[in-house]
Amino acid sequence: MARKFEMTINGQPVAAAEYVEIKNPADGSVVGLSPLGTRAHLDSAVAAAKRAFASWRETSDEQRADACRAIAKVLADNAAELSQLLTREQGKPLKGLGSEFELGGCAGWSGYVASQSLPVKILEDSPKNRIEQHRVPIGVVGSITPWNWPLLIAIWHIVPAVRTGNTVVIKPSPFTPLSTLRMIELLNSVLPPGVINVVSGEDRLGADMSAHPDISKVVFTGSIATGKKVMASAAGTLKALTLELGGNDAGIVLPDADVEKLAEGLFWGAFINSGQTCGALKRLYVHDSVFERTCQALTKLAQTIPMGDGSAEGSLLGPLQNERQYQRVIELVEDAKAHGAKVLTGGAPTQGPGYFYPITLVTGIEDGVRLVDEEQFGPVLPIVRYTDVDDAIRRANGTDFGLDASVWGSDPELLRKVAQRLEAGTVLINKHAEIAPHVPFGGIKSSGLGVEFGQEGLEAYTTIKIINSPASGSTA
Ligand code: NAD
């Protein structure tokens, strides 16, 4: 009998009337049973978070920093269990840039957030006035997460919220709820009841959260289409919002690039987590003069990277996480082929159990074909030939996406010039898909609203409160 997981509301395990089987995308085996939470569960979680907020907001900065350090320790102490569970339900390998890496990120991020602070700013300290700017918590934060990096993204939402005095209700993706349910259960062992609650269930719960009158902020990571719905339904209650949405990151390889040396960075920039990463490289524009060499170097590398069941020794890439994503990748590659694409490697789903799609490199298509224009979110990279750098920049920018972009080459001045012209929240030089807890991250255009990480990311969990008084001794 598969294990039943439970929600955590007000520090207590909560069962549901119905459960759904969560299956391993590598072989279809049942990993566990996830509770189908209802609107009533959501309401009770929000009520618990609201009650907890009354006292959590009064805790000192030091107490909250301690709580985040305790979270980091719980994550580190339980990394083995959580990473194994994550691999079984998400599909990513344990090793490489997989589950153990993700759990390491969770603990590291939490520790970093513990060390951050938002000191009071003195805006005026004159003979007349003393005006202070404080950062105060917003209230109950609703966190809605996707299935690609379920635990790391949950930690990005939860820990800064708690650090700044808010309380949280999190709803994981229906595709990967188990590791989040278990993680939140563990985190509750070091936090007062109600500070972090988790409710699992269908998409509907996310919509209910976005409109909930007692949720004051929603932090959402997911697709652009859903992000727009969240924003629309949050309008009724004027919620604060952070939206981290999809990307179709372009990379431009300049004529002077040492492509053999850069190939590994290009490869992992595109294929991290089998391409199921918002900030992965999703279309690569390569100058005519280095086009063949780039294709050769990437193809050679692609053929050496082992893909397989994430729990198996040696796997560095896993399957697609779910049937919907698997079908989408198949559809986009078939469409590209119908538009004259040449497949350098991969190009058809792997036979056998699981949602495996091989590492696929495609040439011979341009902008206007879906595989170049849309977010594929899978292990497929279109490599597009260009002859004029201005044209490559124009094509890279000619999209509604604006998460990251990158430029690859040897001349530092040219690299910087191109970087300045690329329209994205983050532009990387000779690397891709790199984030850090001290560096604000977010998309422009349709790729998002607001940032996470760094000082600005932390501030996003607060509102400004001004205390304006006459200077001591002044009666004015
Ligand atoms: P998704 O939008 O389908 O789902 C994300 C979450 O939203 C899930 O928890 C889902 O249950 C919930 N949801 C569904 N309908 C909802 C509604 N009407 N209202 C509120 N919530 C609702 O996204 P996904 O398929 O899980 O994730 C893949 C997408 O996420 C990709 O586009 C990827 O680029 C993006 N993503 C972005 C970032 C980033 O930081 N920018 C990070 C990871 C993933």
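The values are calculated or read from the model by the stated rules, or taken from the named source; none is laboratory data. Keep in mind that what you see is a predicted model, and the values were worked out from it rather than measured. Cβ atoms come from the backbone with ideal geometry, glycine included; neighbour counts cover every protein chain shown. Heavy atoms of the whole protein, side chains included, go into the accessibility calculation; ligands, DNA and RNA do not. Shrake-Rupley method; radii C 1.70, N 1.55, O 1.52, S 1.80 Å.
With all protein chains in place and ligands, DNA and RNA left out, the 1.4 Å accessible area ranks Met183, Met231 as Met231, Met183, largest first. Which GluC sites (Glu not before Pro) from the range 264-354 combine a DSSP loop assignment with at most 12 other Cβ atoms within 10 Å? Filter output for the range 264-354: Glu313.
Probing with 1.4 Å while keeping every protein chain in the model, the per residue accessible area of the range 406-466 equals 49 Å².
In the context of the full protein assembly, His438 retains an accessible surface of approximately 110 Å², using a probe radius of 1.4 Å and ignoring ligands and nucleic acids.
Each of Asp203, Asp27, Asp391 has its accessible area taken with a 1.4 Å probe; listed largest first, they run Asp203, Asp27, Asp391. Relative to the longest principal axis of the Cα atoms of the chain, the long axis of helix 323-338 lies at roughly 30 degrees. Rounded to the nearest 20 debye, the dipole size of the range 79-238 about its Cα centre is 280 debye, using +1 on the Cβ of Lys and Arg and -1 on the Cβ of Asp and Glu.
Once the piece of chain linking Glu423 and Ile131 is laid out straight, how much longer is it, given 0.36 nm per residue of separation minus the C-alpha distance between them?
Values: separation 292, 0.36 × 292 = 105.12 nm, distance 3.78 nm.
Once the chain is fully extended between Glu423 and Ile131, it gains 101.3 nm.
Using only alpha carbon pairs under 8 Å that are at least six residues apart, calculate the relative contact order of the chain and give it in whole percent.
Details: 1133 pairs, mean separation 87.5, N = 476.
Relative contact order, the chain: 18 percent.
If r is the Cβ-Cβ distance from Asp66 to Lys300 and R0 is 60 Å, what FRET efficiency results, to the nearest 0.05? The partial results should precede the final answer.
On the way: r = 50 Å, r/R0 = 0.83.
Taking R0 as 60 Å, the efficiency between Asp66 and Lys300 is 0.75.
Reported to the nearest whole Å, the Cα centre-to-centre distance from the range 208-225 to the range 397-439 is 29. Length available on full extension from Glu334 to Gln12: 0.36 nm per residue minus the Cα-Cα distance, which gives 111.1 nm. Specify the angular offset, from 0 to 90 degrees and rounded to the nearest 10, of the alpha carbon long axis of helix 39-56 from the longest principal axis of the alpha carbons in the chain. Relative to the chain, helix 39-56 is tipped by roughly 60 degrees. Element breakdown for the chain at a 1.4 angstrom probe: carbon and sulfur atoms account for 53% of the accessible area.
Restricting to the chain, what percent of DSSP beta bridges are antiparallel, rounded to 5?
Values: 28 of 67 bridges.
Around 40 percent antiparallel, to the nearest 5.
The mean sequence separation of alpha-carbon pairs under 8 Å and at least six residues apart, normalised by the residue count of the range 310-468, gives a relative contact order of 14 percent. Per residue, the accessible area of the range 262-401 comes to 39 Å² when a 1.4 Å probe rolls over the protein heavy atoms.
In whole Å, how far is the Cα centre of the range 102-137 from that of the range 289-352? What the calculation gives is 44 Å, centre to centre. Each of Gly354, Ala270, Tyr326 was placed along the dipole of the range 249-429 (beta-carbon charges, centred on the mean Cα), and the one lying farthest toward the positive end is Gly354. Helical content alone sets the calculated 222 nm signal of the chain at -11500 deg cm²/dmol, taking -39,500 (n - 2.57) per DSSP H segment of four or more residues and averaging over every residue. Among the listed pairs Lys92/Lys445; Lys217/Lys465; Lys23/Lys171; Lys282/Lys431, those with a Cα-Cα distance over 22 Å are Lys92/Lys445. Axis angle, to the nearest 10 degrees, between helix 412-421 and the longest C-alpha principal axis of the chain: 70 degrees.
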